[in-house]
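Remarks on the structure that follows.
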Amino acid sequence: MFIGAYLYQELNYDTYPAQADQIYRVGIHLTGNGGATDFPMVDVAVGPGIKNAYPEVLAVTRLEQDRPAFIKYNNQQFKEEKLALADSNFFTVFSIPLVEGDTKTALTNPNSIVITKAFEKKYFGESPGLNKILAAGSVLYKVTGVIDKVPDNSHFHADAFISMSTEVTPSTRQTWSNVNYFTYLLLNKNADPKKLEASFPQLVAKYVVPEVQHDMGVSLAEAQKSVNTFVFYLQPLTDIHLHSATKFEFEANGDIHYIYIFSALALFILILACINFTNLSTASSSKRSKEIGIRKVLGSEKDKLVWQFLTESVMLTLLAMLFALGFVYLLLPYFNNLAGKNISMQFFLNYRAIAFEIVLTLFVGIIAGIYPAFFLSSFQILSVLKGSGSPKSVGKGTLRSSLIVFQFTISTALIIATFIVFQQLHYMQNVKLGYDKNQVLVLNETYSLGTGIESFKQELLHKNDVVNATISSNVPGINNNMSGTEVYAKDIADKGTRSEIHIGIFNIDDTYIPTLGMKILKGRNFYTGSLADSSSIIINEAAVQSLGWGNSDPIGKIIIRSGTRHYTVVGLVKDFHYTSAKQKIGPLMMLYGHNNGSIMVKIKTADVHGLITDIKKQWDSYNTGLPFSYSFLDDQFAQLYSSEEHVGAIFTTFSVIAVIIACLGLFGLAAFMIRQRVKEIGIRKVLGASPQTITMMLSKEFLLLVIIAALIAFPITWYAMNKWLQSFAYRINIQWWVFALAAIIAIIIAFVTISFQAIKAALANPVKSLRSE
């Protein structure tokens, strides 16, 4: 039920808008010399341009992530991390109702802001926030609406939405060739998105080509190649969460692969439990053989006996379901914490959930009980009443052996998969990043220091515990949605071809590279305070390959940006992971210049608390008006993998449950089989067999089945996990020892499970088992 709730939430993302099946997000597939990149955002004019060109587009709305800012009301001031800009019709298209204000007009005027109820309570207490004024520095915003919250099952979340007209004014250049705005189209019911998508190259030819020709300063023939390199595409709204995971998403999305994995895990757990019921029911059939014989003598027909046993199975499953609901109630807070979800108990008690629970109960009860029902009802009257027990096939136990093999095939596969999942997660968190993230203190909101930021940095450098410091908002691994642009290489363009790529941009100072311990492979770092470096850039290895320079020396080559801006490459830095290690390292150019949002400080001290206290005093002396805020780079980096950690924790927890279920079945079956052989054990002891010999004799049959199960699990798990690893740009190689270790663990678990009963039987007094003979 827990896994079912998790899957239901994941599969129902973005289904809350009234016309969710008619909403599509516009993205761009950009092909360059270095390969292809998908962007889930487009330029400012793309959405309105598509609406004007095609009557089947009923509406277009845009969303843009805004930078964190300090918001103030009277004496209350908080840093808000989740801010966004949205068009005036945004709440109408997404069917998000306002509890205060008018949905249709709330975001019409510039400097309007719509906030959530939690946001309202934080600033205004129990008073209504409508029409009150909030300040972000010198900019004032009027609260024109309040929503309850953005639904949990949404691919975007924000605490406040600022009117898009605040940023996009009539004077804003209506461009098509950049990326910044999440753009959504509402199509009419009869629209064919594929047909609409196929006509987009006409818009590229009409709007993008002239821009490229102007901005890049190339010929019309060269610019017309953009028709093939700029490919706009439509993505259904309900596909975004599970089928889109670019590094430019509004927030981290899910992964369809995990849906498959957890669906299989839930199914396996039910199958293992059903196998236990089947195994133990058939194994203990002799206990009910006389009952069945008497019922048949008294006139019970086979079909009535089948229904009796199926009813018993369903009733047991119903009892299990009631217990399950009780456990769900008790464990739900822990599961929410484990999965990073916000599932309430009401989810399990609505009419759809109750209907599902009833169907699940019937299904599991019938599947678990169908074989025992037919098996038990097929006993012959004479044989069972004579005391010969169940049919000979029960003694051979072929079915039970096969089911044990199946159970431990699944258990061994889950143990292997758990190892590989955690190896991959550990690898991503500890991959060679290309920079040193340890003991790097990140000071936030340093833009508030104004012209004093350089002197603040110099004061830091005079502290004995500070190794180095750099001024830059471009914190590697953290600023995933960094700015980027299209550039091309002059020496290639001069030969008649244009090597255009989309490249990330970092604005750094001369101490950035040494502070983070990056390695310059060729050329040099920026000179300290040199105006001559205003047209110099440092690029990474990925940029060299993307621009088609191969193994040639990039130093001294020219990169052109926006048609007129010429930059000379003065340094080549070794590739480093400036986004999550889940994505491939992309091309990057570093410009010389301050980006004053953060200061990164490389420290070396055992007294970190004392140093931070000292830096806080220094901050307070500058009277910035903002509280001192800091974090550690390695902590921020770890947050990139929080979703993977949740998935790993869920997978491990339920894998352990699956293995325990398999062991419970094996424990019960071993107990029954040993009771069947109690006289044999007694005779062996009388003839001199030691407890160790008897324990091994009783265990080896089961252990052989576990070894067979492990051998079956190996190729299946290798194939499945290898497919899963393909979704990561940087991944581990599956090692042979993982399979060997998993097999050893499975054998040990099985041996411990069996040996408890085996040792008990081996130590029993043989007189007790033989005295009736």
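The values are calculated or read from the model by the stated rules, or taken from the named source; none is laboratory data. Since we're looking at a predicted model, the values are computed, not measured. FYI the Cβ positions are ideal-geometry reconstructions off the backbone, even for glycines, and counts take in every protein chain you see. The accessibility values were calculated without ligands, DNA or RNA, using every heavy atom of the protein model including side chains. Shrake-Rupley method; radii C 1.70, N 1.55, O 1.52, S 1.80 Å.
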Crossing angle, helix 736-763 versus the chain [Cα axis fit, 0-90 degrees, rounded to tens] = 30
Putting +1 on Lys and Arg Cβ atoms and -1 on Asp and Glu Cβ atoms, find which of HIS646, SER530, MET518 reaches farthest to the positive end of the dipole of the chain.
-> HIS646
Entries in LYS72/LYS121; LYS519/LYS617; LYS51/LYS206; LYS457/LYS602 that, when Cα-Cα distance is taken, lie over 22 Å = LYS519/LYS617
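With every protein chain left in place, what is the accessible area per residue of the stretch 58-146 in square angstrom, probe 1.4 Å?
Details: 4250 Å² over 89 residues.
Accessible surface, normalised per residue, equals 48 Å².
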How much area per residue is accessible in the stretch 601-679 when the probe is 1.4 Å and only protein heavy atoms are counted (Å²)?
-> 47
Which percent, to the nearest 5, of DSSP beta bridges fully inside the chain are antiparallel?
-> 80
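Taking the Cα centre as origin and putting +1 on Lys and Arg beta-carbons and -1 on Asp and Glu beta-carbons, what dipole magnitude results for the stretch 157-200, to the nearest 20 debye? Walk me through the numbers on the way to the answer.
On the way: 4 positive and 4 negative charges, 46 e Å.
Roughly 220 debye, rounded to the nearest 20.
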Can you tell me the Rg and the Dmax, both Å, for the Cα atoms in the chain?
-> 33.5, 105
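Is it possible to state the helix-based mean residue ellipticity at 222 nm for the chain, with each DSSP H run of 4+ residues giving -39500 (n - 2.57), the sum divided by total residues, to the nearest 500 deg cm²/dmol? What is it? Mind dumping the intermediate values first?
On the way: 28 runs with 360 residues, N = 773.
-14500 deg cm²/dmol, from helical runs alone.
I need the trypsin sites (Lys or Arg not before Pro) found in the stretch 673-773, filtered to DSSP loop residues with at most 14 other beta carbons within 10 Å of theirs. Please report the intermediate quantities before stating the final value.
On the way: sites: ARG675, ARG677, LYS679, ARG684, LYS685, LYS700, LYS723, ARG731, LYS760, LYS768, ARG771; in loops: ARG677, ARG731, ARG771.
Hits after loop and neighbour filter: ARG771.
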Please determine, in degrees from 0 to 90 and to the nearest 10, the orientation of helix 691-725 with respect to the longest principal axis defined by the Cα atoms of the chain, where the helix direction is its Cα long axis.
-> 30
The local net charge around ASN525, scoring Lys/Arg +1 and Asp/Glu -1 for residues other than ASN525 whose Cβ lies under 15 Å from its Cβ, equals +1
Once amide hydrogens are built 1.01 Å from N within the peptide plane, the residues lying 5 or more places from ASP14 or on another chain with amide H under 5 Å from its amide H are SER154, HIS155
Can you tell me the dipole magnitude for the stretch 623-773 around its Cα centre, using point charges on the Cβ only (Lys, Arg +1; Asp, Glu -1), in Debye to the nearest 20?
-> 1080
Which of the pairs LYS82/LYS432; LYS194/LYS584; LYS149/LYS341; LYS104/LYS149 have their Cα atoms more than 24 Å apart in this structure?
-> LYS82/LYS432; LYS194/LYS584
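With a 1.4 Å probe and every protein chain kept in, tell me what percent of the accessible surface of the chain is carbon plus sulfur. Display every interim value, and only then the final one.
Details: 21380 of 36060 Å².
Ligands and nucleic acids excluded, carbon and sulfur reach 59 percent.
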Where the centroid of each part is defined by its Cα atoms, how far is the stretch 156-211 from the stretch 335-365 in Å?
-> 39
Net charge dipole size for the chain [Lys, Arg +1 and Asp, Glu -1 on Cβ; Debye, nearest 20] = 3520
Size of the stretch 206-273 along its principal axes in angstrom, Cα-based, largest extent first?
-> 69, 21, 17
Restricting to Cα pairs under 8 Å and 6 or more apart, the percent relative contact order of the chain works out to 14
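Over the stretch 547-681, what relative contact order in percent results from Cα pairs under 8 Å that are six or more residues apart?
Numbers: 32 pairs, mean separation 12.2, N = 135.
For the stretch 547-681, the relative contact order is 9 percent.
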Placed amide H near VAL99: partners under 5 Å, 5+ positions off or other chain = VAL146, ILE147, ASP148
Solvent-accessible heavy-atom area per residue, rounded to whole Å², over the stretch 496-583 at 1.4 Å = 37
Compute the long axis of helix 608-620 from its Cα atoms, compare it with the longest principal axis of the Cα atoms of the chain, and write down the angle in degrees, 0 to 90, nearest 10.
-> 30
